[in-house]
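No value in this document is a laboratory result; all are computed from the given coordinates. The structure presented is a predicted model; accordingly, all values stated were derived computationally and were not measured. Here the Cβ positions follow ideal geometry from the backbone for every residue, glycine too, while neighbour counts run over all protein chains shown.
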Amino acid sequence: MKIAVVHDWFVTYAGAEKVVERIFDIFPEADLFSLVDFIPDGQRDFIKNKKVQTSFIQKLPFSNKKYRAYLPFMPVAIEQLDVSKYDLVISSSHAVAKGIITGPDQIHISYVHSPIRYAWDLQHQYLKESGLEKGLKGWIAKGILHYIRNWDYRTANNVDYFLANSKFIGRRIWRVYRREANVIYPPVDVTAFLLNEKKEDFYMTASRMVPYKKIDLIVKAFTKMADKKLVVIGDGPDFQKIKQVAGPNVELLGYQEFSVLKDYMQRAKAFVFAAEEDFGITPVEAQACGTPVIAYGKGGALETVNGLNSDIPTGLFFAEQTEESIIEAVQKFEQNQHNFVPIEIRKHALKFSPERFKEELKSFVDEAVMTKKERGL
């Protein structure tokens, strides 16, 4: 079979790109398509140093930094990428990749990290954070997002099989496209983290500091708990704002190398996670260290963390994204700390390994191809 892999854009190496990396472990001969590719030489091992066939957006002014500004052109751009000669097309989509045009003799499997968040249920949050709620720019933005929603819904008909990275996203796919999705959890490099059963007297969190990650809530909550130490790793637009509200018991380390992140994650008594994520890789990484997780009880965390009511708990949840709810959860954690067994927490995390992802995806693709042959398509 000739296989094409379509990804939204290549500008960094993050969670979605790690999925593409594992897809290429299964199908190393596949060709790769994307709206833009700005991954520098020397950092392209994860795509086997392949040449990426890109769209016209690649050559537009400032597209290396301002590619998101070309959102209105993305539907047209993805449709201009020609994958007509391929038997199997696998799209890795959190924006427009699933809109690639395929024909009746092809199989299109779309692994969806999320339907376009800022065009659907998170539109109002996006507009507010971007200062686009009112005025002429606001109306233009709303008009563009309306157009994107219509296009996104229509192009779902061009996908033969949807795969979701969590049950949470599977429900979002049903809500947006009215299509069922099989769940294959994304690969987490759990073997890169080592079990440490001797925990020290501090909590930690790690994230890029952007509003929806809610790092400010965690910091404010721990500032009110002066007897508890919090270590925060990560940088981003909100760093200075968060620094201003941090008490003396909160240590902001900024960006750190992976070795430093791993060291703190292995030694922390618990990892605090306040975002509503589609899946959430860092809670799984923390659990791979045998570190329990205190997480917001919505989104993917409900699928990656076993709460206190589980036979083998790996963490606990708080109900609201508020300082009070986090404080209550920390107190509850300390009352139940004896219930968390590091080696059992790690065993749970190993269920999300890259090997498991590759086995499940390969099996799904094989079955899809066999079904097509049996139908004589």
Sorted by mean Cβ packing within 10 Å, highest first, what order do the peptides 223-231, 256-264 take? 223-231, 256-264
Sort His348, His146 so the one with the fewest other Cβ atoms within 10 Å of its own Cβ comes first. His146, His348
Cβ charges +1 (Lys, Arg) and -1 (Asp, Glu), total dipole of segment 190-352, debye: 200
Exposure proxy order (Cβ contacts within 10 Å, fewest to most) of Ile78, Ile312: Ile312, Ile78
Would you please classify the overall shape of segment 122-254 from the alpha carbon gyration tensor, given that a ≥ b ≥ c denote the square roots of the eigenvalues, rounded means a/c under 1.5, and beyond that prolate means a/b larger than b/c while oblate covers the rest? oblate
Tell me, how many Å apart are the Cα centres for segment 157-193 and for segment 93-147? 17
